[in-house]
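Read through the structure below, which is laid out as structure tokens, and then see the notes.
Read the figures in this text as sums done on the coordinates, not as results from a lab. Here the structure is a predicted model, which is why all the values come from computation and not from measurement. Glycine also receives a Cβ, built like all others from the backbone with ideal geometry; neighbour counts cover every protein chain displayed.
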Amino acid sequence: MPHARGTVGALEVQPNSRNVIPGRVKLTVDLRAPGDAQLLDMDAALRAACARIAAARGVQIGVEQVVYYPPQSFTPHLVEAVRANAADLGYSSMDVVSGAGHDAVYLARVAPAAMIFVPCDDGISHNEIENAQPDHLEAGCNVLLRAMLAAAEVIA
């Protein structure tokens, strides 16, 4: 599925010993996709895989949904303004689906919104060791400025 992701973010094994087969494993799975249908398909596939594994291995696997955040699309003309202004400035761009709870996600439910991401060292973001290079930050700020001016109809 394009732009869909599943991530295991936490893993607990008991007993936590390198030479003992765990008797209990607990993990988190974060599913992200641009639409509800994709998320439902991913959830169903995860649950079906767990059922198959449990039956084949004679183990119990429980799946519990802890939280659900509905996907939120951004305003198409603002997303296009970001793309166009990145290109005008000679920067590459790509669409990114982020399931993170950015303020813009909630704002987009009531007002036009878009987001700009910049590269981070080793792809690490939303973490205290996140590090973006100054030239990448400058590029993101320039794209944002131009997109805002275009939205305000100050520039074409």
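Looking at region 16-88, the trypsin sites (Lys or Arg not before Pro) that sit in a DSSP loop and have at most 11 other Cβ atoms within 10 Å of their own Cβ are ARG18. Think of each Lys and Arg Cβ as +1 and each Asp and Glu Cβ as -1; about the Cα centre, that makes the dipole of the chain roughly 840 debye.
Normalised size of region 25-103, defined as Cα radius of gyration per 2.2 N^0.38 Å with N residues, equals 1.58.
Entry note, the chain: the mean residue ellipticity at 222 nm calculated from DSSP H runs of n ≥ 4, each adding -39500 (n - 2.57), is -12000 deg cm²/dmol after division by the residues and rounding to the nearest 500. Rounded to whole numbers, the Karplus 3J(HN,Hα) couplings from phi for region 127-143 are 8, 4, 9, 4, 8, 10, 6, x, 5, 5, 5, 4, 4, x, 5, 5, 4 Hz, using 6.51 cos²θ - 1.76 cosθ + 1.60 with θ = phi - 60°, and x at Gly and Pro.
For region 5-57, what is one quarter of the convex hull surface built on the Cα atoms, given in nm²?
Over every viewing direction, the Cα hull of region 5-57 projects on average to 4.3 nm².
Any idea which of THR28, VAL8, ALA54 is furthest toward the positive side of the dipole for region 5-57, if Lys and Arg beta-carbons carry +1 and Asp and Glu beta-carbons -1? Towards the positive end, the residue furthest out is ALA54.
Across all directions, the average projected area of the convex hull around the alpha carbons of the chain is 12.3 nm². Positive contributions from Lys and Arg (+1) and negative ones from Asp and Glu (-1), summed over other residues with Cβ under 13 Å from the Cβ of ASP88, come out at +1. Can you tell me the 0 to 90 degree angle between the C-alpha axis of helix 36-57 and the longest principal axis of the chain, rounded to 10? Computed tilt is about 20 degrees.
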